[in-house]
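K.L.:
Shown below is the structure under consideration.
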Amino acid sequence: MLKVENLCFSYQKSVINNVSIDIKKNELVVLLGPNGSGKSTFMKMLAGLLTPSSGKIFLTNRLLSTISRRELAKEIGYVAQETRVEFPLSVFEFVLQGRFAYGRGVGFEQEKDFSAALQAMELTAITEFKARQLNELSGGERQRVFLARALAQKPNLLLLDEPTANLDIAYQVATLKLLSKLIDQEGLTVLLITHEINLASEFANKILLLKDGKIFSQGSPSEVLTKDALESVFETTLFVDKHPSSNTPRITIVGRN
């Protein structure tokens, strides 16, 4: 689905340094790492929003840089860490924007576009907000709206930068369960960034652990989420054992005592 070869990116200094990954179809891949490790910059390159300094990105065996913006919008759904809304829009109008790539200009909406938007709203449990303005919603509610717009695109690859930020624990779990369901039933492939390490451990097929713009480790949760690796990357003391139900790694902070 997505192949990255020797990817590099610099602003005034190196941010991403020689990163190579291979994400297969129907995988839920989680990108973990401390603040400033280059996670968001890396994802923006995968979304086609930043041009790499060097290296190549392939989407279904096609060089990403050769794919048009309209075609990319059909293939990739991207939700940024921070999304600004400049104009007053209802929730439904905002989600419907996810269908723009399928239209042919002003007044593009067809019945299938309305249907896709409503389905995405049902999946993310925001139908009750349909007529409300975005600026009337809480941060967590807006986060679900942004996800709904991306799902309305009907993409094959979903790139999510901290989709569970501002969500309470129930919606965090519900979001990961929804993504897992879409992967199983709709053939979706997902790459997401999160700081919720235990959520990543429970739901991810693969984890990419990033430090200082480089891949420190990649593999299954059991392979990557070790005490030595996590303490080295996050530079804090942690306790790692096995979840009593799922047997996945469970990470606990070590407090004052």
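The values are calculated or read from the model by the stated rules, or taken from the named source; none is laboratory data. Since the model is a prediction, treat every value here as computed from it, not as a measurement. Backbone-built Cβ (ideal geometry, glycine too); neighbour counts: all protein chains shown.
K.L.:
Grab the strands (runs of 3 or more DSSP E) fully contained in the range 170-246, keeping just those with 3 or more residues being in contact with a helix residue (DSSP H, G or I) (Cβ under 6 Å, 6 or more places away or on another chain) and in contact (Cβ under 8 Å) with a residue 60 or more places away in the chain.
P.N.:
In the range 170-246, 206-211 are the strands (runs of 3 or more DSSP E) which contain 3 or more residues that are in contact with a helix residue (DSSP H, G or I) (Cβ under 6 Å, 6 or more places away or on another chain) and in contact (Cβ under 8 Å) with a residue 60 or more places away in the chain.
K.L.:
On the given criteria, is Ile253 over 17 Å from Leu157 (Cα atoms), at pLDDT below 95 and hydrophobic (A, V, I, L, M, F, W, C)?
P.N.:
Yes.
K.L.:
In the range 58-88, how many residues are crowded, with 18+ Cβ neighbours inside 10 Å and part of a strand (DSSP E or B)?
P.N.:
Of the residues in the range 58-88, 5 are crowded, with 18+ Cβ neighbours inside 10 Å and part of a strand (DSSP E or B).
K.L.:
Across the range 209-224, what is the number of residues that are within 24 Å of Asn247 (Cβ to Cβ) and of a type outside the set (Val, Ile, Thr)?
P.N.:
Count: 9.
K.L.:
Could you please find all residues in the range 130-143 being at pLDDT 90 or above and either among the hydrophobic types (A, V, I, L, M, F, W, C) or buried (at least 23 other Cβ atoms within 10 Å of the Cβ) (or both)?
P.N.:
Across the range 130-143, the qualifying residue is only Ala131.
K.L.:
Among the residues of the range 58-97, count how many are more than 20 Å from the chain's Cα centre (by Cα), over 21 Å from Glu5 (Cα atoms) and small (Gly, Ala, Ser).
P.N.:
Residues that pass the stated criteria total 1.
K.L.:
May I ask you to list the residues in the range 4-15 that are at pLDDT 95 or above and either closer than 19 Å to Ile207 by Cβ or part of a loop (DSSP other than H, G, I, E, B) (or both)?
P.N.:
Correct list: Val4, Leu7.
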